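Just below is one structure, and these are the notes that go with it.
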Amino acid sequence: MNTKSVENYKFQKIVAIVGVLLFVIKVIAWSMTHSVAILTDALESVINVISGFIGLYSLYLSSLPRDRNHPYGHGKVEFISASIEGGLIIMAGVVIIFEAVKNLVHPQPIGKLDYGIILVAITAIVNYILGWYAIQKGQKNKSLALVASGRHLQSDTYSTIGIIIGLILLYFTGYAWLDAGVALIFAMIIIVTGYKIVRGAVSGIMDETDELLLDEVVAHLQAVRRPNWIDLHNMRIIKYGSVLHFDCHMTVPWYFNVVEAHQEVDALQKEIEDKFGDEIEIFVHVDDCKPFSCELCTKEDCSYRKEPFNHIVEWTIDNVLPNKRHNSK
């Protein structure tokens, strides 16, 4: 495992273990109060535990090195993990709605509500803090599985807050329908969160273009552009776990030998790695410049120039993505 994969795996272990402990606390709170709302929260925690271990296994698989059957590595499993976790979050929201409606129709007596509120509040605080750290570490290490786990933990916090609000209002007013009513509202928030996670996972599985990332890459390359990088096109970025696979076509002067062309590729790779980290695989196809390239070329010491420099084409995602060289005509 590389350093980031080890960090992700260790942190996901913490997420899974804490998920089990919080589930036990919620079960204790339910046994003390016999609150259907707390039982609903505990049922959602079962999904937290399951998804935590699914995320742990996916991070283990994604950290495995490339092999003959998986030449790009095993990083795609993180998207599958995130899609399962998002689906489980949606299921949790549906379960909460079902239990809340049932509790509205048939209210249940509740006891020791003050102790139950305290215990559930503790789980909410722990969940939110752990979820925040998981999202931060997942974004830093480019791990969709950790980000999904963090969002799941935070969505669990939101639903728990709703339940706590309902229980507090019930404690002071005695209106039994309040906890179920608030739980219904937060169930919808949970379902929306689950949908967003599934949507992001499907985008990754389908290699959907990440335009924000592409725009950032293209803007950086434009800023550090060298005269020998006459043209850049057919750019693609695919994410496999924490590794980005980057490939493009780069036009260099036609008279460059293999060594000189390779030096330009190395320079391009260094600029990308310095900006976006070293967990990136870069494949650059080198093209030779054509007569129409002269008007767009800023290289001053070219003895083979056919036309004077006219203007430079600013690189954007609109002209760098297509598999077509830039042309001033």
query = Taking K and R as +1 and D and E as -1, what net charge do the other residues with C-beta under 13 Å from the C-beta of TYR158 add up to?
reply = -2
ask   = Helix by helix, which DSSP H runs in the chain go 15 Å or more along their axis at the Cα atoms and have an average Kyte-Doolittle hydropathy of -0.5 or more?
value = 3-33, 36-62, 77-105, 113-140, 144-173, 177-205, 211-223
message = Over the chain, with a Gaussian network built from C-alpha contacts below 10 Å, which listed residue (LYS196, LYS299, LYS137) shows the highest mean-square fluctuation?
response = LYS299
note = Listed by chain and number, the residues whose amide H is under 5 Å from that of VAL286, excluding neighbours fewer than 5 places away on the same chain and using placed H, are MET250
query = So what does HIS34 come to for accessible area, using a 1.4 Å probe and Å² rounded to 10?
reply = 110 Å²
query = Just the projected area, averaged over all directions, of the convex hull on the alpha carbon atoms of segment 224-329: how many nm²?
reply = 6.9 nm²
ask   = Cross-link partners among lysines for LYS324, C-alpha distance below 25 Å, same-chain residues fewer than 8 apart left out?
value = LYS239, LYS270, LYS290, LYS299, LYS306
note = With every protein chain kept in place and a 1.4 Å probe, the chain has an accessible area per residue in Å² of 50 Å²
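Find how much the distance from LEU104 to THR316 grows on full extension, using 0.36 nm per residue of separation minus their present alpha carbon separation; answer in nm with one decimal.
Extra length available between LEU104 and THR316 comes to 70.8 nm.
What is the local net charge at ILE89, summed over the other residues whose Cβ is closer than 15 Å to its Cβ (Lys, Arg +1; Asp, Glu -1)? Each step should come with its number before you reach the end.
On the way: positive: ARG151, LYS196, ARG199; negative: ASP41, GLU44, GLU85, ASP156.
So the environment of ILE89 carries a net charge of -1.
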query = By how many nm would the segment from ILE14 to VAL126 grow when fully extended, if each residue of separation counts as 0.36 nm and the alpha-carbon distance is taken off?
reply = 39.1 nm
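How would SER45, SER31 line up by accessible area, probe 1.4 Å, largest first?
SER31, SER45
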note = If R0 = 25 Å, then MET188 and ILE50, at their Cβ-Cβ distance, give a FRET efficiency to the nearest 0.05 of 0.70
request  = Pick out which of ALA187, ALA201, ALA121 has the largest mean-square fluctuation in a Gaussian network model of the chain, springs linking Cα atoms closer than 10 Å.
outcome  = ALA121
Accessible heavy-atom area order of LEU146, LEU184, highest first, probe of 1.4 Å = LEU184, LEU146
note = In a Gaussian network model of the chain with springs linking alpha carbons closer than 10 Å, the residue among GLY111, GLY131, GLY200 that fluctuates most is GLY111
Among LEU130, ILE317, SER203 - extreme Cα towards positive end, dipole of the chain, charges at beta-carbon = LEU130
query = Just how much of TYR171 is accessible, in Å², when a 1.4 Å probe is used and the result is rounded to the nearest 10?
reply = 120 Å²
query = At a 1.4 Å probe radius, carbon and sulfur cover how many percent of the accessible area of the chain?
reply = 64 percent
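The values are calculated or read from the model by the stated rules, or taken from the named source; none is laboratory data. Every value quoted in this text rests on a predicted model; they were computed, and no experiment measured them. Reconstructed Cβ throughout: ideal geometry from the backbone, glycine too, with neighbour counts over all protein chains shown. In case anyone asks, the SASA skips ligands and DNA or RNA and just uses the protein heavy atoms, side chains included. Shrake-Rupley method; radii C 1.70, N 1.55, O 1.52, S 1.80 Å.
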